[in-house]
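Below is one structure, written out as C-alpha cells; the observations come after it.
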Amino acid sequence: MSVAGLDINSLADVPTMAAASAASALERVTEAIKSRGTASLWTLAAALVGAAVAVHALGLLPSRRKQSDDLPRPPVAREGLPVVGAAAAFNQDPIGFLRRHRDALGPVFSVKMLSTTMVMFVSPASQVRFFRLPRNGDFRLEDAFYDMIAAVSRRTSRDPTIDEPFIKTVATVLPRHSFIEPQRILTIPMVASSVDAAIAADGGSGINDMATFASTLAIHVGMLALAGRRFFDAHHKAFVPMLRQFECDIRDLRNVFFPNLPFAPQRRLEASMVQLVQWVSEEMSLRKRNNEKHDDFLDQLMSCDSAIHHSTEIYVHLVSLLLAAHTNTAGTIMWTLYELARDQALQDRVRQELVANGAIQPTIDDMIAKPPTTKSELLSACIKETGRRYQALFLFRMAVRDSEFEGYRIKRGEMAVVPLLFPDPLKYDPSRFLDGRNADCAIRGEYAQFGLGVHKCLGEKFVLSIISNVVLPLVLSRATVKIVSPAPDVHPGCDYFATLGVPFPATLVKMQFVARK
Ligand code: HEM
C-alpha cells in the first residue's frame, strides 16, 4: 500500500497534496490474514460512499457507544448533502478534499458516514507519531479491514502470539542476501521469456494489457520465492486469473458492504481461499513425505523452530504472503513502466544507467553471472516516485477501544487514517528523490511506499532487488515500451481512484513492447 508525503516545511502553503496509493486490497487481505492490514483506496472509496450506510442499516457494525467527553472530538468535515456528501466529495477528489478541510479545520478532522468515522491526521507530526504506535496498541491495522473480507478472515488466526514467530521468520529470511541471490538467478530466465512473449503478443504487434503483464510477472516472482519451482509450475497459470478475480471481488461493493452474505464475490473469494490453502497444503505434504529440502521461503517456514510449526498456521501464512507479494509488486512494475513509456527520454536515461551499472548485460548468462554492483539511482528514484504517485495515499488503523490520539478522543471502531502528502501530487517527477532530495522523508514519516514503523513491509529489500536488478532491466534491455491507450487519471480532476493502489485500473492500459535490436 503507498504514499504521498506532506511537505513538512511548507504545510500551510501547499495547496495541493500528493497522492499515494493505499495499500492494495490484496495487501490488506494479506495483512489482515496476519493480523494486520492496509486499506486500498478502492475499498475505502467504496466504503465511504455507501458501505457505512448499508452496514449500519443492517445493524452489522458495533452499536454507538457512550461518548467520553474528557477530550475534544475532532471537527467534522462536511460537504454537500448530509450523510453522503462528504464521502462523495472525498471519492471524487480525495486530495482536494483533504486539502480543503485541512485548511479549514486544521490537521485533525473527521469524515462521518453514519456509523463509520474516519479520523484524518493530515500533519507530518501526526504521521511520525502514528508510525511509532505499537503493534498491538489502541490502533490496529488488522481490525481496519479485517471483517470486510470475511472469506479471508474466517481462515485467519488473529492471535498475535501465533503471528509473532511468523513475523520474525519473514523478517529474518526475506532480506537475506543468501535468500535473494538465488531468487535473482532463478527469475532471470523466466522474466526474459515473459518479456519475449510480450514482444510477440497480439500477432507480433507487441501490444499488451499492462495489468496482466505486470501481474503475471509479480506472481512469477512471488510464487517462485515463496513456494518454489514445483508449486510455480503447477499453479501459476491458474493463479493469474484467480488473483485478478480475487482483487475485483474484494473491491466489489457487495463484499465491501456485506462481507458475510453469500453473494457471488464472497463465494468466489471463499473458493479461492480454499483452493490456495489446498495447493499449499498439498505442497507441504509432498515435502514432508519425501523429506525434501528447498531454498524457498516455505522451506524456511516449515523448518523454523516456533509455534508456526502447526501446518494450519504455515499454510495460512504462506497464502497471506502469496497475496501480499502480488499486488503492490504488480502495481510498482506496471506504473513504473507506464511512466517510462510516457517519457521516452526518461526511459532512455534509465536504460543507459542500467547498462552503466551492469544491470543490463549482453546475455542472460552474463546477467546471471554478474549481478550489478552499484545501485541504479535514477531507476530507484522512479520506483519511489511510482510508490508516491500510485500506491499509498493512506495508511489505516482502527481504534480497538476508546482512545486518544493527537489530543482528540477517538472512539472504538473509528478509523484512524494517515494521509501522506507531497506538493504537486499528480506530477510524476522522479527528481524529487534524486541528488539527496527527500532522502530522509521516510525517517521523517512523510513517505511510506513500504509502510513505516511496526508494520513496515517485510518484503521490501527482496522485492526492490528483484524489480531493479531483474524485472525492469530485462524489460528495458529487450524492448522499448510505448503507450497505446493511456490510463484515465493523468490530469488533475480525472478519476484518481481509477489507478490508485491497484495494478488493475478501471480501464485497460495497453502498452506496446517493441523489440530492441
Ligand atoms: C513493491 C512491492 C511492495 C510494496 C510497495 C509493499 C508495500 C507494503 C506496505 C505499505 C506495507 C505496510 C502496510 C501498513 O503499514 O499499513 C507492507 C507490509 C507488508 N508487506 Fe509489502 N509491499 C510490497 C511487496 C511485498 C512482498 C513481495 C512481500 C513478501 C514477499 C511483502 C510482504 C509484506 C508483509 C509480510 C507485510 C506486513 C508487515 C507487518 O505488518 O509486520 N510485501 N507492504
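Need the full-extension length gain, Arg349 to Arg176, defined as separation in residues times 0.36 nm minus the C-alpha distance. One decimal, nm.
Computed gain between Arg349 and Arg176 is 59.3 nm.
So if we plug the beta-carbon distance of Asn136 and Lys237 into 1/(1 + (r/R0)^6) with R0 = 30 Å, what FRET efficiency do we get, rounded to 0.05?
Efficiency, from the Cβ-Cβ distance: 0.15.
Arrange Asp295, Asp252, Asp365 by Cβ neighbour counts within 10 Å, fewest through most, would you?
Asp365, Asp295, Asp252
Please compute the net charge surrounding Asp249, taking Lys and Arg as +1 and Asp and Glu as -1 over other residues with Cβ under 12 Å from its Cβ.
+2
Compute the FRET efficiency between Ile364 and Arg100 as 1/(1 + (r/R0)^6), taking r as their Cβ-Cβ distance and R0 = 35 Å, and round to the nearest 0.05.
My answer for the efficiency is 0.10.
Could you grab the Rg to Rh ratio for the range 310-385? Cα atoms only, Kirkwood for Rh.
Using Cα coordinates only, the ratio equals 1.14.
Could you put Cys304, Cys457 in order, starting from the residue whose Cβ has the fewest other Cβ atoms within 10 Å?
Cys304, Cys457
Could you list Leu474, Leu269 in order of exposure, starting from the residue whose Cβ has the fewest other Cβ atoms within 10 Å?
So the residues, fewest neighbours to most, are Leu269, Leu474.
So what's Rg/Rh here for the range 219-273, counting alpha carbon atoms and using the Kirkwood radius for Rh?
Looking at the range 219-273, the ratio lands at 1.10.
Give, as a single signed number, the net charge of other residues whose beta carbon lies under 14 Å from the beta carbon of Val484, with Lys and Arg counted +1 and Asp and Glu -1.
Value of the local net charge: +1.
Which lysines have a Cα lying under 16 Å from the Cα of Lys384, excluding residues fewer than 8 positions away in the same chain?
Reachable lysines: Lys375, Lys427, Lys456, Lys461.
FYI, it's all coordinate maths here, none of it is from the lab. Worth saying up front: this structure is predicted, and the values here are computed from it rather than measured. A quick note on method: Cβ atoms are made from the backbone with ideal geometry, for glycine too, and the neighbour counts reach across all protein chains shown.
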